[in-house]
Structures are given as C-alpha cells and as structure tokens.
1. For a quick protection proxy, order the peptides 113-119, 127-133 by their average other-Cβ count within 10 Å, most packed first.
2. Are any of the pairs K52/K115; K67/K115; K7/K44; K44/K69; K50/K115; K10/K52 more than 21 Å apart by Cα-Cα distance, and if so, which?
3. Output the peptides 45-55, 17-27 sorted from most to least packed, where packing is the average of other Cβ atoms within 10 Å over each peptide's residues.
4. Provide the packing ranking of 65-72, 98-105, i.e. peptides ordered by the mean count of other C-beta atoms within 10 Å per residue, highest first.
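Just so it is clear, none of the values below were taken in a lab; they were calculated from the coordinates. As the structure is a computational prediction, the values presented were derived from the model and not from experiment. Glycine gets a Cβ as well: all are built from the backbone with ideal geometry, and neighbour counts include every protein chain shown.
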Amino acid sequence: MILELEKKVKENTLLIDDLISNYFLNHLSKKDMQTINGLLANNKFTFNQKVKLFCDLVTMSNIDQAKFKVYAKITTDLENNDLLNPSYFYNIRNYHTFLINTYSAASDSNSTQVKLFSATSRLSNNIVRLTQVYTEKPQIYAQKGPKNIFSR
C-alpha cells in the first residue's frame, strides 16, 4: 500500500512540476527552463521552491495554498524516505489532521493509517487538478479607465 502511494505521489509530482514549469516559461516569455533556473543562486528550482513561487504568483484561496504547502511537505518527506517508513503514518505530524479533516471520507477505515493513505492519495489527485486549473486560467485584464458609452 505504501509503495503504491509513493508511486502515485511521484508520478503526480512530476506532472505538477511540469505544469508549473510550463506556466513559468509561458508567463516569463522564456523558451527554456535553464533561463528560469538561472534566477536562483544555485541554478536549480526545487519542487518546493516552484510550489512556493507558484502560490505567491497565482491568485488562489487560502485553503488551496494550504493544500499546495501540505503536498510540498509530503514530497519532501518522500524524498527523505520518511513516507516509506512504516511508522510514518502512525506518528501524527502537524499536517495529518489537515489531511484527515479535508480528505477523509466516511467510507474510509477507522484506522488512522488507512485514513492518511486515502487522504494523501486524494490530496495528490486534487493538487494535479488544481494545478491544471490555475495554470490554464486565462489572464484577466482591467480597463485603464471607464469608457464613455455616449461618446461618438
């Protein structure tokens, strides 16, 4: 069960990373990611840095920002192999309550571990969908001043 979740999170993270990278490329009018990476001191955007900048640039609700931040934390835990540790889902971390409250379904098991598996899986899918929505959202441009509809 843990390995399936790890695989799903990794696949979704690659997709999300690609969507956010393309968003930056399109909005900064650049053609290659090396130019974007050059904006940072170490010439490499990490997934967490991309998510943070994306959340700062895109107008989104506080709950969506929280979802992105929790997902970024989960990917960090996965990189550190914490997610593969069987005790990972037994130790309640600061965002586990958020996961259970936001993504737990009535049909989920009573086991905290199974609830967290399910909630993490749902969050992963939701972040993919949210990223698609926010990266495909059209720009809205405001008019410079009111138009006089009575003028010729």
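1. Highest-to-lowest ranking by the protection proxy: 113-119, 127-133.
2. From K52/K115; K67/K115; K7/K44; K44/K69; K50/K115; K10/K52, over 21 Å: K52/K115; K7/K44; K50/K115.
3. 45-55, 17-27
4. 65-72, 98-105
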